[in-house]
Amino acid sequence: MMIANDVATKLLAQLPTAMMLILVDDEQRPRLCWLTAQAKALLNFDENAPCENWYDWPTWLSPLTGACKNACQKRTPVHRAEVSMLHPKLGERVYGFSIRPLEGTPYWLTSFNDITLVKNQETEALKLKDELLQSKKLAAMGTLIATIGHEVKLPLVGIGMNVELAQMSLKSLKANAPQNDETLKWISKADEALNRATHAIQNGASMLKELLDYARPARLAEQPVDLISLIRRAAVAVADGTLDWHRVTFELDTPPYEPLRVMADPAKLEHVFQNLFRNALEATAQPVTLRVTFNPPRANSPQAGKETQAIVIRVADNGPGIPDELHERVFEPFFSTKAGKGTGLGLSTCYRMVEEHGGMLSLVPSNELESGTAFDMQLPLVALTEEEPPLP
């Protein structure tokens, strides 16, 4: 009988599945009996190494061993569960496992597998689905804006022209009215009202232009652009356009190599950086630290027959940050965390512009930051060739 058991154990150990057999004694203490060869390989054990003692196992496996011990001690089967563990060679991995008793015996059988690839694919699929949904929403919103914008534009122009005619008429009346006449007071009041109307029309026209620009398909005038120079120009433009730049400490980290060259419409890409810088400045009244950092380029798909890479630019500030519950809405058209200011199209426009450049703009999760807000912008780089000299 012992020989038969030994043979059965050896046969089970050679199963092409990651499994381990656990014996639970009368005192509810789980003891590991054996592992299959596939289990040893998956757990990074040497094939011939003794590993029946849990206490000899490396600490990175504790999430899995802890789940097994807990289920056996409580006699609670686990039909499907997942644990995340830091593999010494492969980094963070996700393992799926199940634990069930062998009826009529004190043994429990655990089967498990590395499902990291599947989980990554699921995450990527959800991410692509969200990006597609975002693109569809932006496209639908753009069509709606264009339709409404054109309907509003003509009446707004007509109102502006009539206000201008009224101002000209008041100017003529004022020139011909007696100096002490009561009419002059009413003319002055009417002139002030028309000036306010003109200002409101100008604001409306400016917002309408922003809406139509958002709705209008972009025509990129692409050319080779040095990314570092463009970022510096964007910072200077924001500094020249605000009186609050003295509150800003601007830090531009050294890139992994130079030049970082992208094929881009310099005006539109600079607008994206200006918007991110301006948002950081407006987010807080305290001194602002605005930092631009670079992640090393990573492999990207070939473009136009020329091998390209990507660079991830992070724009971070030390402001109050964006509440977690609003993270999913920051790129929605007309959504703004600045109550009563602007149209709420700034980040939505930036998102679309980066996307049109073959890149991606994303908000960095709060749990990855100590404080403040950060945006990651991934852009494809154009590699220099022998025929193409580096940019000045």
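Miscellaneous remarks
- Of the strands (runs of 3 or more DSSP E) lying entirely inside region 164-281, those containing at least 1 residues that are crowded, with 18+ Cβ neighbours inside 10 Å and more than 23 Å from the chain's Cα centre (by Cα) span 223-226, 248-252.
- Yes/no for Glu332 being of a type in the set (Asp, Glu), more than 23 Å from Ser371 (Cβ to Cβ), modelled with pLDDT under 90 and assigned to a loop (DSSP other than H, G, I, E, B): yes
- One residue from Val292, Val354, Val315 being on the phi < 0 side of the Ramachandran plot, outside any strand (DSSP E or B), modelled with pLDDT of 85 or more and surrounded by 17 or more Cβ atoms within 10 Å (Cβ to Cβ): Val354
- Residue within region 133-143 that is in contact with a Pro (Cβ under 7 Å, 6 or more places away or on another chain), aliphatic (A, V, I, L, M), within 29 Å of Glu355 (Cα to Cα) and in a helix (DSSP H, G or I) present: yes
- Among the residues of region 57-112, those that are in contact with a Pro (Cβ under 9 Å, 6 or more places away or on another chain) and of a type in the set (Ser, Thr, Tyr) comprise Ser84, Tyr95, Ser98, Tyr107.
- Looking across region 240-286, the residues that are more than 16 Å from Phe375 (Cβ to Cβ), at pLDDT 85 or above and among the small types (Gly, Ala, Ser) come down to Ala264, Ala267.
- Filter pass, Arg232 being of a type outside the set (A, V, I, L, M) and modelled with pLDDT of 90 or more: yes
- Residue match in region 208-222 (condition: touching a strand residue (DSSP E or B) at 6+ places or on another chain (Cβ under 7 Å) and farther than 19 Å from Ser348 by Cβ): yes
- Selection count where residues are modelled with pLDDT of 85 or more and over 14 Å from Asn113 (Cβ atoms), scope region 87-101: 2
- Candidates Glu182, Glu210, Glu151, Glu164 - the one that is charged (D, E, K, R) and modelled with pLDDT of 80 or more: Glu164
- Scanning region 313-337 for residues that are touching a residue at least 24 places away in the same chain (Cβ under 8 Å), under 16 Å from the mean Cα position of the chain (by Cα) and within 18 Å of Ser366 (Cβ to Cβ) yields Arg314, Val315, Ala316, Asp317, Gly321, Ile322, Asp324, His327, Val330, Phe331.
- Among the residues making up region 111-130, those that are surrounded by 14 or more Cβ atoms within 10 Å (Cβ to Cβ) and free of Cβ contacts under 8 Å to residues at least 60 places away in the same chain are Ile115, Thr116, Lys119.
- For region 53-94, the set of residues classified as touching a helix residue (DSSP H, G or I) at 6+ places or on another chain (Cβ under 8 Å), surrounded by 11 or more Cβ atoms within 10 Å (Cβ to Cβ) and touching a residue at least 40 places away in the same chain (Cβ under 8 Å) consists of His87 only.
The values are calculated or read from the model by the stated rules, or taken from the named source; none is laboratory data. Quick caveat: nothing in here was measured; it's all calculated off a predicted structure. Every residue, glycine among them, receives a Cβ derived from its backbone with ideal geometry; neighbour counts consider all protein chains shown.
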